[in-house]
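Colleague: The structure's right below; bear with me while I get my questions together.
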Amino acid sequence: LGPADLVKALPSGAVFIDVIRYTRIDYVEKKQKRTPSYVAFVVGARKNGNAENAESAEKSIQRIELEDAAPIDAVVGRWRSAIDTRVESPAAKELADLVWAKLAPHLPPAAKTIYLAADGDLARVPWAALPIAAGSGDPAHAPRVLLEEYAIAQVPHGLFLLDHLRHPRKYAGPESLLALGGVEYNSPAWPALPGTLVESTAVQTLAPQKPGFLEKPGFLTGKDATADRLSKLLPTVRYAHLATHGEFKADELTKEKKRAEKALETRFLAETGFLGDTRKIAAKNPLGYVGLVLSEGKTISGLSLVDLPLENLKLVTLSACETGLGEYTGGEGVQGLQRAFHLAGCPNVVASLWKVNDAATAALMCKFYHELWVNKQPPIEALRDAQLTIYRHPELIPDLAGERGAVRLREAVTAKASVEASARRATADTKLWAAFVLSGVGK
């Protein structure tokens, strides 16, 4: 199976964008010049329906050089800093010009869904918040972000997407929910997250109360939120909402990589420019450096999660600090907690790229689960609607977070994200709505 098979498997209106960070080697006066670069492949870049044969499928795959990585990585860093401090910055527009402006012309006009495998620093980007040109049909030509045009999901790589499109997951048994929050860390390294108790409790109350739906909900909190209890309950539920700290031991991982590099003996043949004999030693798995922090400050690592049988888990939401981060690996996207849950069998993971305040997180999750469970939307569309609602209606955040009572909450959760409203009112800061990313096919 290859890219042509993926073209034929993509549903109508969907396109796959594979972004890879690589080292481009040029020869200048017989000397090597190495330049870190980005390249993108747009799979499904066609104007009409399904490709009828392999030849036409291959023609609908486009390679787009994004050129040097240095300026792209630099502007990603500036944008992330601006998001964190909630200040206006031209970095978002600069990144859109460097990346999206080169990709957009290759998308079919009918595209409505983007599956994205990002690499390098582009895996840290809130793609949904990239600014794009306003359409002629917009009220007052209001500025737009990418999420207003497309539903967006990230995937580890093309083979993951192809496998899940060709073999949709089937589930057995009653649907059930596991919520975790209000963990007692009792550790100076991990401050308490009081908002997570309110958030995880609210998630349980949002579930429709009817036979056969979310039977026997589980709730882990305080000292009971241990790795052992979580490991036993996760394989038994259909949905999991885990509101806790996420851990990424970046410094330890860097030391491990340097250790592996020192152990790598390479002989360079200067006259030919090729590498000679190479001996390697095994390096530790990057999934051992990411994890979820639980009771008493103990962590369940990504490697421990991989060992769990989670084929019956349809969706896990990691409502924690920077759970979307992890080791960046060439061609494979982010080796983080999302990957661990995917390898264990869970097809859909919602995780955050940065820390979001309690009210905004609770508001987004309230709307997300309402769309998921009440309006029966698939995860990719449910998250899109929730984020657009917060983006276009920041005034609804207190209502959706439950700060103004149950009546206001019920009214807010049924609100639709009005396009017209974005032309009349100020939109929400990127930090408040764009942190959460869906990894998976989203069905």
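Colleague: Look at GLU58 and say whether it is modelled with pLDDT under 95, open to solvent by 60 Å² or more (accessible area, probe 1.4 Å) and not in a loop (DSSP other than H, G, I, E, B).
Modeller: Answer is yes for this residue.
Colleague: Another question about this same structure. If you take the residues in segment 150-177 that are part of a loop (DSSP other than H, G, I, E, B) and either of a type in the set (S, T, N, Q) or under 18 Å from the mean Cα position of the chain (by Cα) (or both), which one is modelled with the lowest pLDDT?
Modeller: Here the residue is SER176.
Colleague: Can you name the residue in segment 111-131 that is under 17 Å from SER352 (Cα atoms) and assigned to a loop (DSSP other than H, G, I, E, B) and is also farthest from the chain's Cα centre (by Cα) among such residues?
Modeller: Per the stated criteria, the residue is LEU130.
Colleague: A further question on this structure: Give me the pairs: first residue in segment 29-41 and assigned to a strand (DSSP E or B), second residue small (Gly, Ala, Ser), beta-carbon distance under 6 Å, and six or more apart or on different chains, which are they?
Modeller: Listed pairs, sorted by first residue: PRO36/ALA69; SER37/ALA69; TYR38/ALA69.
Colleague: Let me ask something else. Among the numbered criteria (1) over 24 Å from the mean Cα position of the chain (by Cα); (2) closer than 19 Å to VAL290 by Cβ; (3) at pLDDT below 85, which single criterion is violated by ALA250?
Modeller: All conditions pass for ALA250, except number (1).
Colleague: If you don't mind, another one. Does LEU162 meet the test of being surrounded by 14 or more Cβ atoms within 10 Å (Cβ to Cβ) and within 30 Å of SER12 (Cβ to Cβ)?
Modeller: yes
Colleague: Need the failing condition index for ARG384 against (1) closer than 20 Å to ALA240 by Cβ; (2) at pLDDT 95 or above, just the number.
Modeller: Answer for ARG384: the failing condition is (1).
Colleague: Is there a residue in segment 288-311 that is in contact with a strand residue (DSSP E or B) (Cβ under 6 Å, 6 or more places away or on another chain), β-branched (Val, Ile, Thr) and free of Cβ contacts under 8 Å to residues at least 60 places away in the same chain?
Modeller: Taking every residue of segment 288-311 in turn, at least one turns out to be in contact with a strand residue (DSSP E or B) (Cβ under 6 Å, 6 or more places away or on another chain), β-branched (Val, Ile, Thr) and free of Cβ contacts under 8 Å to residues at least 60 places away in the same chain.
Colleague: Continuing with this model, one more query. Looking at the structure I just gave you, is ASN357 under 22 Å from ASP163 (Cα atoms) and either touching a Leu at 6+ places or on another chain (Cβ under 7 Å) or open to solvent by 10 Å² or more (accessible area, probe 1.4 Å) (or both)?
Modeller: Here the answer is no, as ASN357 does not meet what is asked.
Colleague: Same structure again: So which residues in segment 207-234 are modelled with pLDDT under 80 and either open to solvent by 70 Å² or more (accessible area, probe 1.4 Å) or of a type outside the set (Gly, Ala, Ser) (or both)?
Modeller: Of everything in segment 207-234, those that are modelled with pLDDT under 80 and either open to solvent by 70 Å² or more (accessible area, probe 1.4 Å) or of a type outside the set (Gly, Ala, Ser) (or both) turn out to be PRO208, GLN209, LYS210, PRO211, PHE213, LEU214, GLU215, LYS216, PRO217.
Colleague: Give me the pairs, please: first residue somewhere in segment 184-199 and touching a residue at least 40 places away in the same chain (Cβ under 8 Å), second residue anywhere and surrounded by 18 or more Cβ atoms within 10 Å (Cβ to Cβ) and assigned to a helix (DSSP H, G or I), beta-carbon distance under 6 Å, and either six or more positions apart or on two chains.
Modeller: Pairs found: GLU184/SER295; GLU199/ALA362.
Colleague: Using the structure shown, decide if VAL349 is outside any helix (DSSP H, G or I) and at pLDDT 90 or above.
Modeller: So VAL349 passes the test.
Colleague: Looking only at segment 178-200, count how many residues are in a loop (DSSP other than H, G, I, E, B), in contact with a Gly (Cβ under 8 Å, 6 or more places away or on another chain) and either under 14 Å from LEU242 (Cβ atoms) or not aliphatic (A, V, I, L, M) (or both).
Modeller: The total comes to 4.
Colleague: Return the residues of segment 1-15 that are touching a strand residue (DSSP E or B) at 6+ places or on another chain (Cβ under 9 Å), modelled with pLDDT of 90 or more and either over 15 Å from VAL155 (Cα atoms) or not in a helix (DSSP H, G or I) (or both); say none if nothing qualifies.
Modeller: Answer for segment 1-15, where residues must be touching a strand residue (DSSP E or B) at 6+ places or on another chain (Cβ under 9 Å), modelled with pLDDT of 90 or more and either over 15 Å from VAL155 (Cα atoms) or not in a helix (DSSP H, G or I) (or both): VAL7, LEU10, PRO11, GLY13, ALA14, VAL15.
Colleague: Something else about it: Looking at PRO156, PRO168, which is the one that is within 22 Å of GLU381 (Cα to Cα) and out of contact with any strand residue (DSSP E or B) (no Cβ under 8 Å at 6 or more places or on another chain)?
Modeller: After applying the criteria, what remains is PRO168.
The values are calculated or read from the model by the stated rules, or taken from the named source; none is laboratory data. As the structure is a computational prediction, the values presented were derived from the model and not from experiment. So basically every Cβ, Gly included, is an ideal-geometry build from the backbone, and we count neighbours across all protein chains shown. What goes into the accessible areas is simple: the full protein's heavy atoms, side chains included, and nothing from ligands, DNA or RNA. Shrake-Rupley method; radii C 1.70, N 1.55, O 1.52, S 1.80 Å.
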